[in-house]
1. Considering amide H positions built from the backbone, and no H for Pro or chain starts, which residues 5 or more places from Asp194, or on another chain, come under 5 Å of its amide H?
2. Over the stretch 50-160, average the accessible area per residue using a 1.4 Å probe and give it in Å², no decimals.
3. Classify the stretch 253-342 as rounded, prolate or oblate, taking a ≥ b ≥ c as the square roots of the eigenvalues of its Cα gyration tensor: rounded when a/c is under 1.5, otherwise prolate if a/b is larger than b/c and oblate if not.
4. Over the stretch 92-215, what percent of the accessible surface lies on carbon and sulfur atoms, probe 1.4 Å?
5. What accessible surface, in Å², does a 1.4 Å probe find on His371, ignoring ligands, DNA and RNA and rounding to the nearest 10?
6. Give a residue-ordered list of calculated ³J(HN,Hα) values for the stretch 216-227 (Karplus: 6.51 cos²θ - 1.76 cosθ + 1.60, θ = phi - 60°; whole Hz; x for Gly, Pro).
7. For the stretch 456-546, which GluC sites (Glu not before Pro) pass both filters: DSSP loop (anything but H, G, I, E, B) and at most 16 other C-beta atoms within 10 Å?
8. Considering only protein heavy atoms, with the full assembly of protein chains and a 1.4 angstrom probe, order Arg402, Arg300, Arg429 by accessible area, largest first.
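The values are calculated or read from the model by the stated rules, or taken from the named source; none is laboratory data. Remember, predicted model here, so these are calculated numbers, not experimental data. Here Cβ is always computed from backbone atoms with ideal geometry, including for glycine, and neighbour counts include all displayed protein chains. Accessible surface is based on the protein model in full, side chains and every heavy atom, while ligands, DNA and RNA are left aside. Shrake-Rupley method; radii C 1.70, N 1.55, O 1.52, S 1.80 Å.
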Amino acid sequence: ELGNFMSSAAAAIHRVLLQGVSSSDRLPPLTVKLLHGSLLRLDLLADLSPLLLRALSSSGLHVHALRLHSLLPVPSHLTLPCALKSASRLPNPLPVGEQLHARSLKLPSHSNPYVLTSLLNLYAKCDLLDHARSVFDEMRCPNTVSWTALITAYMNAGRVREAVAVARDAFASGMRPDSFTAVRVLTACARVADLGTGEAVWRAAQAEGVAGSVFVATAAVDMYVKCGEMARAREVFDKMPEKDAVAWGAMVGGYASNGHPQETLELFFAMQTQGVKPDCYTVVGALSACTRLGALDMGRQAVRTMDWDEFLDNPVLGTALIDMYAKCGSTGEAWVVFQQMRKRDIVVWNAMILGLGLTGHGKVGFALVGHMEKSGMKLNDNTFISILCNCTHTGLVKDGRRYFHNMTQLYNITPRIEHYGCMVDLLSRAGLLQEAHQLIDDMPMQANAVVWGALLGGCKIHRDAELAEHVLKQLILLEPRNSGNYVMLSNIYSNSNRWEDAAKLRSDMKVKGVEKVRAYSWVEFSGKVHEFRVGDKSHPHMDQIYQKLDELGMEMKTMGYKPTTDVVMFDVEDEEKEHTLVYHSEKLAIAFCLLTTQPGEVIRVTKNLRVCTDCHTAIKLISRITHREIIVRDNNRFHCFKDGCCSCNDYW
């Protein structure tokens with residue numbers, strides 16, 4: 001009879017596990033009888049209860065599991081963890097959890113690490129970390145599972161630095177991590193960019209033989225990426241015996257977020273050759289790299305790796321694509337994506353408004369703001385940054401003032417430093433330097449280098465050397481190693497024929513060890529990015545490029561072109577200045593495109609610094625001579641040159 005009963009009970013447990021039942025009316029009849037004690041003798045309950053409890057808890061029948069546990073005359077270290085797990089799954093776990101805790105205190109099994117770890121998890125689920133820590137401190141010899149539970153509790157509560165501190169204590173106590181522990185701690189180190197602890201965990205994972213796990217290795221890659229150690233991240237990645245889409249995505253995204261766009265795209269397309277399908281975040285990383293490089297064709301290739309509907313239904317993907325198209329100068333394609341998107345959140349709208357402003361379509365951008373409000377979308381602080389940037393790039397001072405005023409008075413949005421920076425930029429470009437300076441003085445926060453830099457740019461345009469000197473002093477305090485500030489003031493001195501002051505400034509740069517950032521431009525051609533610098537003759541087509549520029553120079557001079565030599569800051573003869581101007585990097589890039597692309601094809605150039613006045617004038621003429629549309633994106637804005645005109649209306 002006893003044997004038949006045990007067999008029946010085991011069969012009931014088996015059926016519960018197989019069926020995965022979720023409600024009491026679906027329980028097998030025998031199990032119901034067992035739960036209500038009508039069939040089960042108390043002297044046998046202790047033997048069967050661990051199995052039944054695990055079966056019920058694993059099947060989501062937590063109330064039934066707790067009912068069964070309440071029938072036990074003496075709970076054990078085998079039953080309490082199951083009961084505590086079920087309690088933690090209830091909508092309000094604390095009352096039942098406290099009852100179980102109180103019951104456990106009377107038992108010898110209370111000090112069992114599995115019981116205490118289950119209690120720790122329950123209190124963590126209730127956001128009672130102090131209670132969880134007190135339970136942990138009761139453990140005489142915490143095991144790996146207990147340490148991991150405490151680390152996870154702090155991480156889930158958003159107290160990641162404390163989680164890392166606990167991890168350091170764990171390793172100091174001699175804890176040997178398993179794969180789950182290694183992943184959790186590496187993830188915590190990644191979030192707070194703690195390279196030292198992260199490397200210690202990775203070494204421990206290697207020593208314990210769990211580093212070969214794709215999950216552990218991917219977590220290590222992510223940790224190195226978040227700490228900016230791309231060489232070490234790549235080393236771990238290359239040694240991985242197997243790589244899934246998440247591992248590839250971590251490495252691609254890491255290159256993108258750490259400012260390595262070429263490596264991003266090389267790895268992204270290598271991923272395709274390995275037959276690994278990228279997820280949406282990997283594609284976003286690739287698109288951001290294309291945005292940075294101005295590599296429109298590569299961006300189009302990246303788009304083809306995903307189903308088109310995913311871009312239309314996923315605002316994250318759609319925003320990245322709109323941003324890429326707009327910042328590569330293809331506003332029409334950005335607009336098509338925006339129009340077709342089925343899910344448009346505030347970020348999507350803001351990206352489109354900003355893209356229109358950057359590419360000289362200010363009026364369309366303002367119209368879109370109106371349409372946005374009519375559709376019921378509420379403007380936020382980032383919307384106003386897009387609007388004010390739009391005003392800046394189109395010189396709409398009155399509109400900028402109005403929007404800046406309305407954001408506080410009508411929309412109750414407190415301006416951030418980015419909004420003040422946009423207004424200072426707008427006023428400075430328009431020549432309202434004193435008003436811009438006064439706005440900086442009236443700001444409720446300290447101006448940063450971006451705000452002061454905007455005022456310095458206005459001083460350069462309007463040749464106010466006195467104010468520029470004052471601004472530079474502020475910038476040197478904020479960015480003592482930024483060569484661009486010195487160069488800007490040097491240009492202002494040169495424009496005012498203050499050659500001695502310009503020379504002294506260059507001398508100060510040398511004494512302080514500040515090196516000027518070299519200007520360079522790049523273009524995409526046949527799936528490769530070509531870079532050009534002044535004086536660099538390493539490109540295989542350089543002879544033809546120089547010859548092409550000489551030919552264009554002759555034609556431009558017949559059209560009345562005269563080099564703007566005052567942008568060259570050295571006190572040398574005009575003839576030498578002209579020679580320097582002819583071979584600026586953006587001109588070299590344009591000449592290369594004229595040699596390698598088909599007649600009528602749009603030329604797209606990206607430059608790391610601002611386009612100088614002479615190049616701006618020259619490119620307008622080149623667009624007329626060659627009947628080409630030339631799009632140049634510098635570090636400040638877009639210039640779309642066509643038929644001798646520029647979309648910026650000479651306002652940059």
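1. Long-range HN contacts for Asp194: none found.
2. On the way: 5030 Å² over 111 residues.
Heavy-atom accessible area per residue stands at 45 Å².
3. Values: a/c = 1.89, a/b = 1.31, b/c = 1.44.
Oblate shape, in that a/c is at least 1.5 and b/c is the bigger or equal ratio.
4. Values: 3120 of 5900 Å².
After summing per-atom areas, the C and S share lands at 53 percent.
5. For His371, the solvent-accessible surface is approximately 100 Å².
6. Using θ = phi - 60°, the values come out as 5, 5, 5, 5, 5, 4, 5, 4, 5, 4, 5, 8 Hz.
7. On the way: sites: Glu466, Glu469, Glu500, Glu515, Glu524, Glu531; in loops: Glu515.
Loop-located and lightly packed - Glu515.
8. Numbers: Arg402 110, Arg300 75, Arg429 15 Å².
My answer, sorted largest first, is Arg402, Arg300, Arg429.
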